[in-house]
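A short write-up of the structure that comes next.
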Amino acid sequence: MMKSNSGIDQILDSHYRNKITENRTNLKPIVTSLLFCALHNLPIRGDNDNTAVFNNLLEFRIYAGDLVLKSHLEKSPKNALYISHRVQNELIECASSTLRTVITNEVRQAFCFSIIADETADISGVEQLSICVRYLKDKLVHEEFLGFFPLLEFDAKFITKIILEACSNIDINMNKCVGQGFDGCATMAGHISGVQK
């Protein structure tokens, strides 16, 4: 009658909120370490976990006195450490998606923009198309990378399709596009049958 005890639903809800807060606290040093590697162009992985920059950075943080990270890595179950390669990839993808959203919002607000595209091969030899966007914001020209897109065919029609799909997926109004930047090969810069046309 005095309501000295909370109901089971309130206890469970409170426990759930506390667990979310705890998980966010545990993830913060991991995410910031990953972002540090990305911002400073450091490789995340090495030949093994002992030579991985990311793992060494986590050890350095513990050595420097990060008790939250130390407690998390020592006391959490092995399947909930959030430092596996798969989790690293997922966190990078989340950061990439958030950054791409910020960039596309800026491009949408810009008066006009230009598309810059170039074919390149990754380390394994897979051909891909890199797409960047250049726009004006606060009287300054910004050039931002949007991503790599795999190329299955190398003709102008397919490359054009990839560029238009990439812009459509990030919801950029192509009516504001005032310029194109390509390398000098005929497939890209050809004014008769190239991507430029």
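The values are calculated or read from the model by the stated rules, or taken from the named source; none is laboratory data. Note that the structure is predicted; figures quoted are calculated from it, not measured. Here Cβ is always computed from backbone atoms with ideal geometry, including for glycine, and neighbour counts include all displayed protein chains.
Tabulated data
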quantity: Output for the range 44-80, where each listed residue is over 14 Å from T32 (Cα atoms), touching a residue at least 24 places away in the same chain (Cβ under 8 Å) and in contact with a Pro (Cβ under 9 Å, 6 or more places away or on another chain); calculated: H72
quantity: Elements of type helices (runs of 4 or more DSSP H) contained in the range 4-123, each with 1 or more residues being closer than 30 Å to K176 by Cβ; calculated: 8-39, 85-109
quantity: Hits in the range 14-38 - residues which are touching a Phe, Trp or Tyr at 6+ places or on another chain (Cβ under 7 Å) and among the β-branched types (V, I, T); calculated: I30
quantity: Single condition A156 does not satisfy, out of (1) of a type in the set (A, V, I, L, M, F, W, C); (2) out of contact with any strand residue (DSSP E or B) (no Cβ under 7 Å at 6 or more places or on another chain); (3) surrounded by 14 or more Cβ atoms within 10 Å (Cβ to Cβ); (4) at pLDDT 90 or above; calculated: (4)
quantity: Among (1) at pLDDT 90 or above; (2) farther than 17 Å from S84 by Cβ, the one test that I30 misses; calculated: (2)
